[in-house]
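The values are calculated or read from the model by the stated rules, or taken from the named source; none is laboratory data. Nothing here was measured: the structure is a model prediction, and the numbers come from that model. As a convention, Cβ positions derive from the backbone with ideal geometry for all residues, glycine included, and neighbour counts pool all protein chains shown. Calculation scope for accessible area: heavy atoms of the full protein, side chains included, ligands and nucleic acids excluded. Shrake-Rupley method; radii C 1.70, N 1.55, O 1.52, S 1.80 Å.
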Amino acid sequence: AETVTRLTLQLFDDLKDLHKLGNLERDYLETACYLHQVGLCISHHNYHKHSYYIIKNSEAMVGFSNAEIEIIALLARYHRKGGPKGKHEEFKALRLEDQLLVRKLSSFLRIGDGLDRSEKSIIERLDAVLEKGKVDCRLYYNKEKDPNLEIWSVSEKKDLFEETFGLKLEFHLHPV
């Protein structure tokens, strides 16, 4: 979770001019990053849905309102497999501005999660630059490790980001 959190927040911070979100939304994202795999304690099958349930029903989410907990739980829910859909009751119940927020933030978490697919912290850091019509992500990785699984995974998970922001997301490897 630490690697996913670090990479996700690096991306979020680098692209603040794109998403135009603040520290409160960053806190939601950080919390969801740390908790996104909590559902694995129940089962691997559909663990993202178990993560949603655990976060939503936890008594340990002190400091967050019920509405904020719902957003954080949905970010964990949408970090893998299908993204937010209007047919999902919990997502549909959100205000339109919160639906957009969930789409934006979950797209960041999906990227961060994809960049640590092997759970071996191969990608050490990233730099994201907003360019004309695209976002260029420079991925700095340990040259003694193979980043191909991470590249494949993030390529599979970037669609929500591209759809939400209307920009192509490109990844370039840089060994360190």
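Values as computed for the structure displayed
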| read-out | value |
| --- | --- |
| Any pair with Cβ under 8 angstrom, 6 or more apart, that starts in segment 106-133 at a residue that is polar (S, T, N, Q) and ends at one that is assigned to a loop (DSSP other than H, G, I, E, B) and crowded, with 24+ Cβ neighbours inside 10 Å | 106/78; 106/79 |
| Which listed residue, of 146, 136, is farther than 17 Å from residue 32 by Cα, open to solvent by less than 50 Å² (accessible area, probe 1.4 Å), modelled with pLDDT of 95 or more and of a type outside the set (S, T, N, Q) | 136 |
| Matching residues in segment 161-176 - criterion: being β-branched (Val, Ile, Thr) and within 16 Å of the chain's Cα centre (by Cα) | 164 |
| Helices (runs of 4 or more DSSP H) fully within segment 10-116 counting 1 or more residues that are open to solvent by 20 Å² or more (accessible area, probe 1.4 Å) and over 16 Å from residue 165 (Cβ atoms) | 23-35, 47-57, 66-77, 89-92, 96-114 |
| Identity of the residue in segment 150-173, open to solvent by 20 Å² or more (accessible area, probe 1.4 Å) and of a type in the set (Asp, Glu), that ends up farthest from residue 129 (Cα to Cα) | 156 |
| Long-range neighbours under 7 Å by Cβ, at least six apart or interchain, first residue within 11 Å of residue 75 (Cα to Cα) within segment 47-62, second among the polar types (S, T, N, Q) and at pLDDT below 80 | 51/37 |
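A quick yes/no check of all residues on (1) touching a Lys or Arg at 6+ places or on another chain (Cβ under 6 Å); (2) of a type in the set (Phe, Trp, Tyr); (3) at positive phi:
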position: 28; (1), (2), (3): no, yes, no
position: 31; (1), (2), (3): no, no, no
position: 37; (1), (2), (3): no, no, no
position: 42; (1), (2), (3): no, no, no
position: 48; (1), (2), (3): yes, no, no
position: 56; (1), (2), (3): no, no, no
position: 61; (1), (2), (3): no, no, no
position: 67; (1), (2), (3): no, no, no
